[in-house]
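We did not get these values from a lab; they are worked out from the coordinates using the rules stated. It should be emphasised that the depicted structure is a prediction, and the values quoted were computed from it without experimental measurement. Here the Cβ positions follow ideal geometry from the backbone for every residue, glycine too, while neighbour counts run over all protein chains shown.
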Amino acid sequence: MSGHNKWSSIKHKKGAADAKRGKIFSRIAKEIILAAKEGGGDPELNARLRSAIASAKAANMPNDNIDRAIKKGTGGGEGVQMETLSYEGYAAGGVAVIVNCMSDNRNRTAAEIRSFFNKYNCSLASSGAVSWKFHRKARFIVEGKEADEEKLFEILLDGGADVEDISVDDGVAEILGAPEAFSSILEILEKASIPVSESNIALIPENVTLIEDADVARQVQKFIEVLEDYDDAQEVFTDMEISDEVAEQLAADE
């Protein structure tokens, strides 16, 4: 789940600590597929794909897996034509949700997404009903000692990158920029030898839906995790932000 909020950071750190290798590979493969579909299968000409491949190699993802994901994204391999689909709706607490999928069977994917929304008492909405709340942004995650806000700003601004925001929380830095700045930001980070643990074109909410009830937060969490585990799902975005008090309660659950 991507979003410019505390829950996003909490989930990211939790994932770094306990995610299984299969889930990590699945997430990276989806980003490779999407990057290849949008920008082609040559990493030298596709910065987003190059970044995704770097993440895959850092996670020790087999080259065969990487090659299959690229072929799937470019329409090759197994002769299956993939299409990109997007679904919008609301989860508990009025939280806006967007699910971007890649599928070889539009009807199957639509039916399964609808069943997830129904099972968790969420509501599907028409196209455009919630997407107006979000803006496309180039998003990068930098972890560890390189997650230094002042240093990152200096490097990126000196390089002429169109950076809109850098936030750092507990050793995790999130860099946001204009979508068209993705390549330039990545190239500057690469030249500075700053490893990127995650990168994508994310949907960032202009305003957030604040959740101050732990039970509601847990309901949304479970729903989002089910969507993220769904094979056809590429990306899941929400406008949820949780209060500090609820964040502490959720952290205590783990």
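Residues in the stretch 187-217 that are touching a strand residue (DSSP E or B) at 6+ places or on another chain (Cβ under 7 Å) and among the small types (Gly, Ala, Ser): Ser197, Ser199, Ala202, Ala217. Among the numbered criteria (1) loosely packed, with under 13 Cβ neighbours inside 10 Å; (2) among the polar types (S, T, N, Q); (3) within 28 Å of Lys222 (Cβ to Cβ), which single criterion is violated by Gln81? Of everything listed in (1) loosely packed, with under 13 Cβ neighbours inside 10 Å; (2) among the polar types (S, T, N, Q); (3) within 28 Å of Lys222 (Cβ to Cβ), Gln81 misses just condition (3).
Among residues of the stretch 84-113 being over 12 Å from Asp239 (Cα atoms) and more than 21 Å from the chain's Cα centre (by Cα), the one that is surrounded by the fewest Cβ atoms within 10 Å (Cβ to Cβ) is Asn107.
Do we have Val172 as farther than 27 Å from Ala47 by Cα, in contact (Cβ under 8 Å) with a residue 60 or more places away in the chain and either crowded, with 18+ Cβ neighbours inside 10 Å or touching a Cys at 6+ places or on another chain (Cβ under 7 Å) (or both) here?
No, not satisfied.
For the stretch 127-134, the criterion of being out of contact with any Phe, Trp or Tyr (no Cβ under 9 Å at 6 or more places or on another chain), more than 29 Å from Ala47 (Cα to Cα) and not aliphatic (A, V, I, L, M) is satisfied by no residue at all.
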